[in-house]
1. Across region 11-50, what is the number of residues that are among the aromatic types (Phe, Trp, Tyr) and within 13 Å of the ligand (Cβ to nearest atom)?
2. Which of the residues that make up region 147-159 are touching a residue at least 12 places away in the same chain (Cβ under 8 Å), more than 13 Å from the ligand (Cβ to nearest atom) and of a type in the set (A, V, I, L, M, F, W, C)?
3. If I filter region 161-169 for residues that are within 16 Å of the ligand (Cβ to nearest atom) and either open to solvent by 60 Å² or more (accessible area, probe 1.4 Å) or not polar (S, T, N, Q) (or both), do I get at least one hit?
4. When you look at GLY121, is it within 30 Å of THR23 (Cβ to Cβ), open to solvent by 20 Å² or more (accessible area, probe 1.4 Å) and outside any strand (DSSP E or B), yes or no?
5. Taking region 123-146 as the region of interest, how many residues are more than 16 Å from the ligand (Cβ to nearest atom) and farther than 15 Å from GLU81 by Cβ?
6. With the checklist (1) in contact with a helix residue (DSSP H, G or I) (Cβ under 7 Å, 6 or more places away or on another chain); (2) at negative phi in hand, flag the one item TRP84 doesn't pass.
7. If you check every pair at least six apart or on different chains, which have Cβ atoms under 6 Å apart with a residue in region 47-68 that is of a type in the set (Lys, Arg) first and a residue that is open to solvent by less than 10 Å² (accessible area, probe 1.4 Å) second?
Amino acid sequence: MDKYDIIKVPDPVLKATAKAVGTVDDALRKQLDKMLVTMYDAPGIGLAANQVGMLNRVLVMDIAQREEIDTRKPIFMINPEIIWTSDEPSLWEEGCLSIPGQYAEVERPLEVRVRYIDYHGKQQEDLFEGLGSHCVQHEIDHLNGVLFIDHISSLKRNMILKKIKKQMKESEAL
Ligand code: NI
């Protein structure tokens, strides 16, 4: 199946705020399907619209990390909204398909409750914790133009950006 190219830093589309979706139609479902294929192919556990150059508020995720297609557990979210966060914080080493090969510990609320529209246009609410919580918060951040490196110290962020620049130069030289 057809897939998208994943956009990498420092592309400005990653800093843009995505717009709310009005209707869930076949065109949107086609985008979601294509995003899911792109995510599994990368491979990754989450992908937001900004990362494929679209600026609508949709994301796909699957933290099961399964190879077999029939045991995968994809979640499609349209207009996701965090409606509750726990007080306890959680530290997790995060990475991002738009910041290849770079990881850093990010602190976020341990649990979040998210309201969203699903693939079929129905409103849903789910509670996430641990990896799922970090993943859904990371992906919703993308829709607001925020990257995981925006949650760490500027010293670490600049180190990561420098490494990415170097990687890009090296791959261009090939
Ligand atoms: Ni990401």
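The values are calculated or read from the model by the stated rules, or taken from the named source; none is laboratory data. If you're wondering where the values come from, they're calculated on a predicted model, not measured in any experiment. Ideal geometry is used to build each Cβ from the backbone, glycine not excepted, and the neighbour counts take in all protein chains shown. For the accessible areas, the whole protein counts, side chains as well, though only heavy atoms, and no ligand, DNA or RNA atoms are used. Shrake-Rupley method; radii C 1.70, N 1.55, O 1.52, S 1.80 Å.
1. Within region 11-50, the subset among the aromatic types (Phe, Trp, Tyr) is 40.
If we keep only those that are within 13 Å of the ligand (Cβ to nearest atom) as well, we get none.
The qualifying residues number 0.
2. Restricting attention to region 147-159, the residues satisfying the condition of being touching a residue at least 12 places away in the same chain (Cβ under 8 Å) are 147-149, 151-152, 156.
Adding the requirement that they be more than 13 Å from the ligand (Cβ to nearest atom) leaves 152, 156.
Once the filter is applied, which keeps residues that are touching a residue at least 12 places away in the same chain (Cβ under 8 Å), more than 13 Å from the ligand (Cβ to nearest atom) and of a type in the set (A, V, I, L, M, F, W, C), region 147-159 yields only ILE152.
3. Of region 161-169, the ones within 16 Å of the ligand (Cβ to nearest atom) are 161, 164.
Subsequent filtering for residues that are either open to solvent by 60 Å² or more (accessible area, probe 1.4 Å) or not polar (S, T, N, Q) (or both) retains 161, 164.
Checked against the condition, which is being within 16 Å of the ligand (Cβ to nearest atom) and either open to solvent by 60 Å² or more (accessible area, probe 1.4 Å) or not polar (S, T, N, Q) (or both), region 161-169 yields at least one hit.
4. Numbers: within 30 Å of THR23 (Cβ to Cβ): yes; open to solvent by 20 Å² or more (accessible area, probe 1.4 Å): yes; outside any strand (DSSP E or B): yes.
Yes: the conditions hold for GLY121.
5. Residues flagged as more than 16 Å from the ligand (Cβ to nearest atom) and farther than 15 Å from GLU81 by Cβ within region 123-146 amount to 2.
6. Of (1) in contact with a helix residue (DSSP H, G or I) (Cβ under 7 Å, 6 or more places away or on another chain); (2) at negative phi, only one is false for TRP84: (1).
7. Sorted first by the residue in region 47-68, then by its partner, the pairs are ARG57/ALA18; ARG57/LEU143.
To keep it simple, each residue is scored yes or no on (1) touching a Ser or Thr at 6+ places or on another chain (Cβ under 8 Å); (2) of a type outside the set (D, E, K, R); (3) within 13 Å of the ligand (Cβ to nearest atom).
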position: MET77; (1), (2), (3): no, yes, no
position: PRO89; (1), (2), (3): no, yes, no
position: SER98; (1), (2), (3): no, yes, yes
position: PRO109; (1), (2), (3): yes, yes, no
